[in-house]
Amino acid sequence: MRIIFATANSGKLREAAEVLGPDFEVVTPLSLGITEDIPETGSTLQENSLQKAQYLFERTGLPCFADDTGLEVDALGGAPGIYSARYAGPGHDHEANMKKLLADLEKLPAKDPEFRRARFRTVVTLILADGTPHFFDGVCEGAIAQAKRGTGGFGYDPVFLPDAYPGRTLAEVSEEEKNAVSHRGRAIRAMAGWLKSI
Ligand code: IMP
């Protein structure tokens, strides 16, 4: 089955293609000539991922899926959450977002050892030919490191210590190791399992 993944990120595309396996041809909007930014104006991860999947479905009528991810930090009341991409303000990059996150945690009194606990959460929306949306969640539990470490991955990976790999940030594990435990890996595997069952 040919299926569109609402992403321009080659790492995410590889990950999805690997998880879905040879029965699926995963293609990007760009490869179909859809070059505009897909709107993302919801107030939850689910609304944003639904909005992206619906946008593509309305334009193509093809099976498609979209993901939306947020980093939730307990000491910050769940922030940055859906604002993860623009935590340091519009137009800021990952470096600025991580710097603000570390600085915000520094400013707070560390109340207990769980102070830096955090998780990545992904919601994937899948729309098949009948237009009905299906939702799949994935969570990766961990903590925010004291400082950036590692060169792999992207986004907040250098400051995220996943419980699954004690002592290493997500930027210090291999792509396979990350995919095995990541929020998006889990959500896409849940979708793949469901697709194979129908
Ligand atoms: P998006 O929903 O994939 O656009 O991600 C929203 C924000 O979370 C962006 O700032 C991403 O860089 C960050 N993010 C998403 N997935 C990951 C990940 O696997 N590791 C680190 N940061 C991520």
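All of the numbers you see were taken from the coordinates with simple rules; none came from a lab. Bear in mind the structure is a predicted one, so any value in this text is a computation, not a measurement. Every residue, glycine among them, receives a Cβ derived from its backbone with ideal geometry; neighbour counts consider all protein chains shown.
In table form, for the structure just shown:
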| quantity | calculated |
| --- | --- |
| Set of lysines near Lys52 by C-alpha distance (under 20 Å), chain-local residues within fewer than 8 positions excluded | Lys12 |
| Pair Ala96, Glu141: separation of 7 Å Cα→Cβ label points (nm) | 3.4 nm |
| Value at 222 nm in deg cm²/dmol, rounded to 500, when DSSP H runs of n ≥ 4 in the chain each add -39,500 (n - 2.57) | -10000 deg cm²/dmol |
| Convex hull volume per residue in cubic angstrom - Cα atoms of the range 1-154 | 124 Å³ |
| Those aspartates and glutamates that a straight Cα-Cα span of less than 14 Å connects to Lys148, excepting residues fewer than 8 apart in one chain | Glu95, Glu106, Asp157, Glu172 |
| Size-normalised alpha-carbon gyration radius of the range 59-148, reference 2.2 N^0.38 Å | 1.35 |
| Estimated translational D of the range 1-86 in µm²/s (Stokes, Kirkwood radius over Cα pairs; 4 °C; 1.567 mPa s) | 93 µm²/s |
| Estimated translational D of the range 74-198 in µm²/s (Stokes, Kirkwood radius over Cα pairs; 37 °C; 0.692 mPa s) | 209 µm²/s |
